[in-house]
Every structure is written in C-alpha cells, then in structure tokens.
Amino acid sequence: MKYLHIMKNEKFIAPFIKLVNAHFDPHEHLFIVLGGISLEKHPLPEAENVIVLKQSLTRKHNYFALARELRPYFDRADKVFLHSLIVRHIIDFLFFNLRYTAKSHWIIWGGDLYDYLSKKDKLSRKFFMYKKKKVISCLGGIIQFNRGEYELAREWYGAKGTFYDCIFYPLYKPMKLPEKMERTVYIQMGNSATASNHHIEAFEQLKPYAAEDIKIYCPLSYGNNKTYRKKVIETGEALFGDKFVPLVDFMPFDAYMDLLSKIDIAIFNHRRQQALGNIVALLGYGKKVYLRSDITTWQMLKDKGIHAFDIADFSLEPLDQETKTTNAQQIEAHFSDAACITQWKNVLKAPLNDSRH
C-alpha cells in the first residue's frame with residue numbers, strides 16, 4: 001500500500017473505488033470506510049483493498065480503539081487522503097499525531113468546510129475548532145475542483161497545504177437523450193431534505209408560474225430532518241397542488257440519472273457549494289440550472305466556461321441550443337471519468353509539501 005483513503009460511505013464512494021481499482025494499481029490503494037450511509041442502501045465493492053470498520057468506533061468513548069486501529073495504516077502509507085473531515089475522531093487522531101499531517105490531504109466535501117460558520121458557542125465546540133484549525137494548518141494538501149473553497153480553507157482554518165485542482169469523484173457520464181415531445185416543463189427543486197436548500201424561499205421564484213404547464217420534482221430522500229421535509233412537502237403541495245412531486249424514497253443511481261435526463265430546469269438555492277453531482281449532470285445534459293450568484297460554485301463554473309443562471313432572474317424561458325452544446329462540451333472536459341483519472345494521476349505523483357513545518 002502506498003495510498004491510504006479514509007472515508008465515510010456515501011453514494012459516490014463505490015463508483016470512486018471502482019474507478020481507482022480499474023485505472024490504477026489496486027495493490028497501491030487501501031480504502032478504509034468509517035461510518036456513513038448503510039451498506040444496504042449503498043453497497044461497496046467486495047475487494048481486498050476495502051476495509052469497513054465498525055460504526056461503533058466513531059462513538060466518543062471509542063476514540064482510543066479507533067486510534068489503535070488506524071495508526072499502523074498511517075505509518076505504512078506514503079500519502080493519506082482524507083475524504084472529508086466530517087468524522088470528528090479523525091480530527092482528534094491527527095491532532096494527537098501531527099507527524100502524519102505532512103503526508104495527509106484533505107478532500108473538501110462542503111459540510112466539513114462550512115462547519116466554521118456554525119453559531120454554537122460551547123467550550124467543547126471552541127476546543128474542537130482549535131484542534132481542527134491546528135490540523136488543517138499542517139496538512140500537506142487540499143483537494144478541490146473549486147479554488148474558491150480552497151481560499152475559504154485558507155481564510156478560516158489557516159490552510160497552507162498545496163492546492164490540487166481535482167474533481168476527486170466521477171461526476172458525469174455522457175448520455176444520449178431522446179428528443180422531448182411534450183410541452184410540460186419539468187423542474188427540479190433542490191437535492192435533499194436539508195435546510196441548506198432553502199426550498200421555501202425558492203418556492204417564491206416559482207409562485208408566479210403556478211398556473212403554467214409545469215411539474216416540480218423535489219428530491220427529499222437524503223437528509224435526516226423529518227420536520228423540515230414535512231414542511232417542504234406541505235408548502236409545495238399548498239402552492240402547486242399535484243404539480244408538486246416530492247421524492248422521498250431512495251432511487252438507484254441509474255434511475256436518478258434517468259430522472260435528471262428528463263428535467264428541463266433546475267433550481268438550487270444553496271448558500272454554499274452543494275449538490276454539485278446534480279448540477280454537473282444537469283448542465284452536461286443541456287439543462288438550464290439556476291444558482292445563487294454569490295457562492296463559490298458560480299465563479300467556478302464561470303471560470304470553466306460553463307453557463308448557469310442567477311436564481312434572482314428566474315424564468316421558464318428554455319435554454320438556447322448554443323449554450324446547451326457549450327455547457328455539455330465543457331462539463332465533459334472538466335468532470336468526466338477521463339478528467340477525474342488524469343487529475344488523480346497528477347495528485348498521486350506530486351511531491352509532498354513539507355514547507356509548512
């Protein structure tokens with residue numbers, strides 16, 4: 001083993017492991033999965049280089065057991081890739097083992113970065129943030145495809161590691177779409193049952209079009225906030241009646257991609273980078289995507305020559321063919337499996353950055 005991956009199980013982890021094992025030497029990569037979505041919902045590949053640790057190791061009183069489990073792997077690895085810093089024990093482990101930070105690389109997911117903005121003011125929270133800032137300031141590398149997220153890591157946590165422009169997970173597979181025959185405008189609203197989608201606020205953009213021939217699909221299967229989910233459904237049905245379709249059950253990946261291929265317009269009212277897998281797929285399929293223009297995603301897409309629309313200027317006007325074609329070409333250039341593989345090759349062969357010490 002040369003490369004150690006520490007990760008939670010999410011819907012994009014299995015495709016990533018398959019991609020690495022198919023295009024790189026599996027004997028050089030070890031994937032340690034700690035917590036996350038159940039294997040029943042998102043099974044992992046059965047491979048010799050995949051280790052699933054007991055979920056109980058993430059509990060507070062089991063820190064020392066987890067540390068004993070992880071230390072031999074960290075000792076052996078040339079490079080460590082931390083797929084998010086959501087698991088608090090990983091912060092604790094690195095804080096008490098700073099010798100591992102120079103060869104460790106943080107793959108920023110989003111919540112682990114924007115945790116900085118939490119309003120909690122407890123002493124325990126302050127101590128945790130002290131540890132987190134110390135660890136991040138010592139890490140050898142930061143991996144993101146959005147430089148704006150890296151700049152926030154520098155500003156908020158004092159990150160000094162090398163920035164690697166890498167999409168880190170497969171995000172887009174080209175799909176030949178059938179010609180649309182019906183007039184109904186299919187709209188996607190958000191990507192999960194979390195308050196960061198700001199669904200209720202976004203509904204205001206759609207209210208003037210409630211009488212139009214529209215159908216609003218609202219994915220709500222992800223996220224554990226049942227109260228929020230209920231409020232979104234009640235509000236959506238009150239405003240749009242049977243034109244509002246809440247999606248509350250998990251959908252297989254292929255079925256979800258099929259749904260995205262039928263969408264005409266998507267609205268993502270997040271106030272930070274989020275739902276990028278949805279956004280990339282929709283733009284690649286030639287769909288019209290509305291975002292807030294004050295988030296890092298907006299500038300990142302613009303820098304890559306990809307055109308999204310400001311949610312403040314919402315309309316049902318269809319996307320022109322030239323923009324569809326340009327977006328599809330740029331999405332494939334920057335977010336395809338081929339791009340992911342090339343970018344990971346660059347990350348793996350790059351020398352360690354030990355200039356922070």
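The values are calculated or read from the model by the stated rules, or taken from the named source; none is laboratory data. This one's a predicted model, so the numbers in the text were calculated from it and none came from an experiment. Cβ: placed from backbone, ideal geometry, glycine included. Neighbour counts: every protein chain shown. To get the accessible areas, we keep the full protein, side chains included, count just its heavy atoms, and leave off ligands, DNA and RNA. Shrake-Rupley method; radii C 1.70, N 1.55, O 1.52, S 1.80 Å.
Lys/Arg Cβ at +1, Asp/Glu Cβ at -1, dipole of segment 1-122 taken about the Cα centre: which of 52, 77, 36 is farthest positive-ward? Value: 36. Note on segment 235-278 and segment 157-198: Cα centroid distance 11 Å, given to the nearest whole angstrom. The Cα-based radius of gyration and maximum Cα-Cα distance (Dmax) for segment 69-194 are 18.7, 61 Å.
In summary, the convex hull built on the alpha carbon positions of the chain has an orientation-averaged projected area of 18.2 nm². Using the average count of surrounding beta-carbon atoms within 10 Å as a protection proxy, the listed peptides 28-34, 172-178 rank, highest first, as 28-34, 172-178. For GluC sites (Glu not before Pro), the sites in segment 105-209 that DSSP calls loop and that have at most 12 other Cβ atoms within 10 Å are 179, 182. Kirkwood Rh and Cα-based Rg: tell me the resulting Rg over Rh for segment 1-72, rounded to two decimals. Rg/Rh: 0.98. Spin-label pair residue 349-residue 154: with each label point 7 Å from Cα along the Cα-Cβ axis, the two points sit 2.6 nm from one another. The string of couplings for segment 49-54 from the Karplus curve (6.51, -1.76, 1.60, θ = phi - 60°) is 9, 10, 10, 9, 7, 4 Hz, one whole number per residue in order, with x for Gly and Pro. Only Lys, Arg, Asp and Glu carry charge here, each on its Cβ (+1 for the first two, -1 for the last two); on that basis the chain has a dipole of about 1780 debye about its Cα centre.
Per residue, the chain exposes 48 Å² of solvent-accessible protein surface, assessed with a 1.4 angstrom probe and all protein chains in place. For the chain, DSSP calls about 0 percent of its internal beta bridges antiparallel. Placing unit charges on the Cβ atoms of the charged side chains and taking the dipole of the chain about its Cα centre, the candidate lying farthest along the positive direction among 197, 227, 248 is 227.
Think of each Lys and Arg Cβ as +1 and each Asp and Glu Cβ as -1; about the Cα centre, that makes the dipole of segment 128-173 roughly 240 debye.
Shape annotation for segment 1-150: C-alpha extents along the principal axes are 45, 36, 32 Å, from largest to smallest.
Computed from backbone phi, the HN-Hα couplings of segment 298-304 come to 4, 5, 4, 4, 4, 4, 8 Hz, rounded to whole numbers (Karplus: 6.51 cos²θ - 1.76 cosθ + 1.60, θ = phi - 60°; Gly and Pro given as x). Summarising the label geometry, the points placed 7 Å from Cα in the beta-carbon direction at residue 27 and residue 234 lie 6.1 nm from one another.
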